[in-house]
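For reference, the structure discussed in these notes is given below.
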Amino acid sequence: MVFSNLSEKLQETFRRLRGKGKLGEKDVDEALRQVKLALLEADVNFRVVRGFINRVKERAIGQEVLNSLTPGQMVIKIVHQELAKVMGEKAENLKISDRAPSIYLLAGLQGAGKTTTVGKLGAFLKKQGRRPLLTAADVYRPAAAKQLQVLGEQIDLPVYCGEGKDPVAIAAQAVERARQTQRDIVLIDTAGRLHINEELMDELLEIKKAVNPVEILLVVDAMTGQDAVTVAQSFNEKLGLTGLILTKLDSDTRGGAALSIREVTGCPIKFIGTGEKMDGIEVFHPQRLASRILGMGDVLTLIEKVEATVEAEQAKNLMKKIQKDQFTLEDFMVQMRQVQKMGPLEQVFSMIPGMKSKQLQGLALDEKSLKHIEAIIQSMTIEERRTPQIINASRRKRIARGSGRPIQEVNRLLNQFEQSKKMMKQLGNIGKGGFPKLPFM
Amino acid sequence: MTDGFVSRLKASLTKTRQRFLAPLEEAMLFHKKISPEFYEELEEILIASDVGYKTTSLLLDKLKEKVKTEKTDQINEIKGYLREIMTALLSVLSPPDLDTDLPLALLVVGVNGVGKTTSIAKLAEYYKGKDKSCLLVAGDTFRAAAIDQLRVWGQRLGIDLIHHQEGADPGAVAFDGISAANARKVDVAIFDTAGRLHTKVNLMTELEKVHRVVSQNLGERRLLNLLVLDATTGQNALSQARAFHEAVGIDGIILTKLDGTAKGGIVLAIAAELGLPIVWLGIGEQSEDLRRFDPDEFVKALFA
């Protein structure tokens, strides 16, 4: 649920804005104070916040807002535009060098998730038809090379570990190996290091000089606090970063570090990492993330995910049913299986506009409870599945016995079904091409 | 705010060991008298140290109250007051007994990448240095090579490791670990766990199970649940602490990676908002760099 808390706060502020006709300077100030607090609590660096607020204020208190017919919309637009500007204009792909192999060097603090990210990036590039070689140049952390080897096996990619304890030599040998074995990408995992450790920072510079990477990517934990700026700046000054990868975005972090780092280094965020599985990596879309911050939901990402997972024909049928209110428990089960394929439910639902994290809490479903739900639904008669309204107390008891689940769970499922029916309707509206009416617009 | 202030801050951000004190002193020098503008700047300084908005407000309220009762407008007094308030805030929390009343079981938990395994190695070395017998239990059966990482540490320190295969049930490992610790009568059994985001329901349930297995088989042993937090983490550390506390009950916090430029202001937020005691500070990669947390010392360092 990326940024959900921040979205809620901003939505709250903008709801207050809506209540009034035209905005005075005082209103804008009050609104922006809320924005400022929300951003600070989201761990956005305070200097970045100040600059951001000033820019928005400058634009907002000018003619634009005060003379605009819908002041609330105008402020949202300005905040959104400025956020999007900070986050970068568009998604940026990895650079490919003219002569193979393209070399990517990954660096970062300890525990940012470099090794996992190297694996994920390898899997991602492999899916695109590339032939990556993973390189374990972390000679310090015990078993770091072993970790990469295990990951390499999982995703079926070769891993070069080299001999000896010299990361610079290992990196250079890996490039040589890639040439010999027709690998067109070399991903270099480096040891985690502190940005103030001169010796280790010099070592990174040595690696850079030795292999001349086309991308130097800083891996940053999305939960990082105010210090994110200092860290990113130090790495950037030493190495000249070309991009950032933000990890652990599947936590409930408000992720303000993304904003700060982007603003301070000017480097594009290229990927975001979620989860520990090897497919948990996505190309970063700045515009979408800016939308998500504003609580407009990440409609684009959601639609893409739905398209990729649900067969088009099936989806059409489903939409029809939803619109005609003929959505049944049978469809619900099919739907749940499909949604599961899209990824964690909270993640999917958090992309729907107007969804708040509080509403989502009841929806945290894991694999096991999915099995239980199946058991419950399968213990219903066909008639019950199609018209759940007829399920009275004695039917509930029978279903509970039949599925071996407590009766509360049957109740919960029926409630969830009603809830998701409502949600599907919201989705259906998006599908029809219209943007759902946002509460504050 | 003047341009001078901004550029000064920029410059100080590039300093390697920028602490809380330098900007505070500069603000005092700049404002000369206690004023709303000074408070505003102090607010930013605190927030920049990851103290968080809520706790910053709390600290400022207390400070303003103090200034009022002392009837002073002398800006030089601020440092002393602030130190007093922060020390008081941190001192009310009583840390658990980690040294006497053995045998102990330590369950070490936290999100991914905070330094659990390294902290465990340091803890083991600490107890070994005090001539206590130790046992390590490799409860991270999920991350690739996590068991190997702990095995390397065990070999370096000459401490036995209880482990299963990768992918094994962590509850079963925990059971074997606690059984072995009791059978061998070791003083301190340290349980590693897989890093898990506090938002993952399944993984938190798994942790609750591990905790249950250990706590139900303790015998004479005391169990302490230690949460490892990364000092570079921002306000999310609160969210982490809350979730882990709810799941297993946290007895103490190990704050790692204080050797960077992060100022660890989150310590204050955790004390103020959650009331959980910090017990260890990790300030480097050497084993002696794990230090017992002392409120006086910590605040002193903040002001030094």
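Please treat every number below as a calculation from the coordinates, not as lab data. Keep in mind that what you see is a predicted model, and the values were worked out from it rather than measured. Here the Cβ is made from the backbone with ideal geometry for all residues, glycine too, and neighbour counts use every protein chain on show.
What the table shows:
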| item | result |
| --- | --- |
| Amide H partners (placed H, <5 Å) of A:Val186, local residues excluded | A:Ser102, A:Ile103, A:Tyr104, A:Leu133 |
| Placed amide H near B:Asp230: partners under 5 Å, 5+ positions off or other chain | B:Thr256 |
| Beta bridges by DSSP in the stretch A:102-293, antiparallel share as percent, to the nearest 5 | 10 |
| Spin-label model distance (nm) - A:Val334 vs A:Glu30, 7 Å beyond Cα toward Cβ | 5.1 |
| Share of alpha-carbon pairs per 10 Å distance bin for the stretch A:76-116, given as whole % | 21, 23, 35, 19, 2 |
| Residue-by-residue Karplus 3J(HN,Hα) for the stretch B:209-219, coefficients 6.51, -1.76, 1.60, Hz, glycine and proline x | 5, 4, 4, 4, 4, 5, 5, 7, 10, 6, x |
| Fully extended contour minus Cα-Cα distance, from A:Ala169 to A:Lys277, at 0.36 nm per residue | 35.9 nm |
| 5 angstrom amide H check on A:Tyr160, placed H, neighbours 5+ away | A:Leu134, A:Thr135, A:Ala136 |
| Rounded tilt (10° steps) of B:146-157 against the dominant C-alpha axis of chain B | 90 |
| Relative counts (whole %) of C-alpha pair distances in the stretch A:102-293, using bins that are 10 Å wide | 10, 40, 37, 13, 1 |
| Magnitude of the charge dipole, the stretch A:102-293, Cβ model with Lys/Arg +1 and Asp/Glu -1, debye to 20 | 580 |
| Ordering of A:210-221, B:224-235, B:176-187 by packing [mean C-beta count within 10 Å, highest first] | B:224-235, A:210-221, B:176-187 |
| ³J(HN,Hα), Karplus 6.51/-1.76/1.60, whole Hz, each residue of the stretch A:375-386, x for Gly, Pro | 4, 5, 5, 6, 8, 8, 6, 4, 4, 4, 5, 7 |
| Over the stretch B:216-304, relative contact order from alpha-carbon pairs under 8 Å, at least 6 apart, % | 25 |
| Principal-axis tilt of helix B:77-91 within chain B, Cα atoms, nearest 10 degrees | 20 |
| Amide N proximity, the stretch A:142-170 versus B:Gln155 label position 7 Å along Cα-to-Cβ, cut-off under 20 Å | A:142-151, A:161-167 |
| In the stretch A:111-168, the trypsin sites (Lys or Arg not before Pro) that fall in loop regions by DSSP, at most 12 other Cβ within 10 Å | A:Lys165 |
| Footprinting exposure proxy for A:Val283, A:Val139 (fewest neighbouring C-beta atoms within 10 Å first) | A:Val283, A:Val139 |
| Dipole of chain B, positive direction: furthest Cα of B:Gly80, B:Gly249, B:Cys134, with charges on the beta-carbon | B:Gly80 |
| Within the stretch A:130-199, GluC sites (Glu not before Pro) in DSSP loop having at most 14 other beta-carbon neighbours inside 10 Å | A:Glu163 |
| Stretch gain in nm, segment A:Glu198-A:Gln180, where the contour uses 0.36 nm per residue and the Cα spacing is subtracted | 3.1 nm |
| Additional length obtainable on full extension of the chain from B:Leu218 to B:Lys33, 0.36 nm per residue less Cα span | 60.8 nm |
| Estimated dipole of the stretch B:103-175 in Debye, rounded to 20 [Cβ of Lys and Arg +1, of Asp and Glu -1, Cα centre] | 280 |
| Near-label residues of the stretch A:115-130 by backbone N, under 16 Å of a point 7 Å along Cα→Cβ of A:Asp156 | A:122-130 |
| Phi to ³J(HN,Hα) by Karplus 6.51 cos²θ - 1.76 cosθ + 1.60 over the stretch A:160-174, Hz, x for Gly, Pro | 9, 10, x, 10, x, 10, 10, x, 5, 5, 4, 4, 5, 4, 4 |
| GluC sites (Glu not before Pro) restricted to the stretch B:210-296 and DSSP loop, no more than 15 other C-beta within 10 Å | B:Glu220 |
| Charge-dipole axis of the stretch A:166-213 as Lys and Arg at +1 and Asp and Glu at -1 on Cβ define it, positive-most pick from A:Val211, A:Val186, A:Leu200 | A:Val186 |
| Among A:Val159, A:Leu148, A:Val283 - extreme Cα towards positive end, dipole of the stretch A:102-293, charges at beta-carbon | A:Val283 |
| Between the stretch B:264-304 and the stretch A:111-170, the Cα center-to-center distance that results, in Å | 34 |
| Residue pairs, from the table A:Lys146/B:Lys263; A:Lys422/B:Lys54; A:Lys120/A:Lys238, whose Cα atoms sit over 31 Å apart | A:Lys146/B:Lys263; A:Lys422/B:Lys54 |
| 0 to 90° range, to nearest 10: angle between helix B:170-184 axis and chain B longest Cα axis | 80 |
| Shielding of A:183-194 by partner chains, average beta-carbon count, 10 Å | 1 |
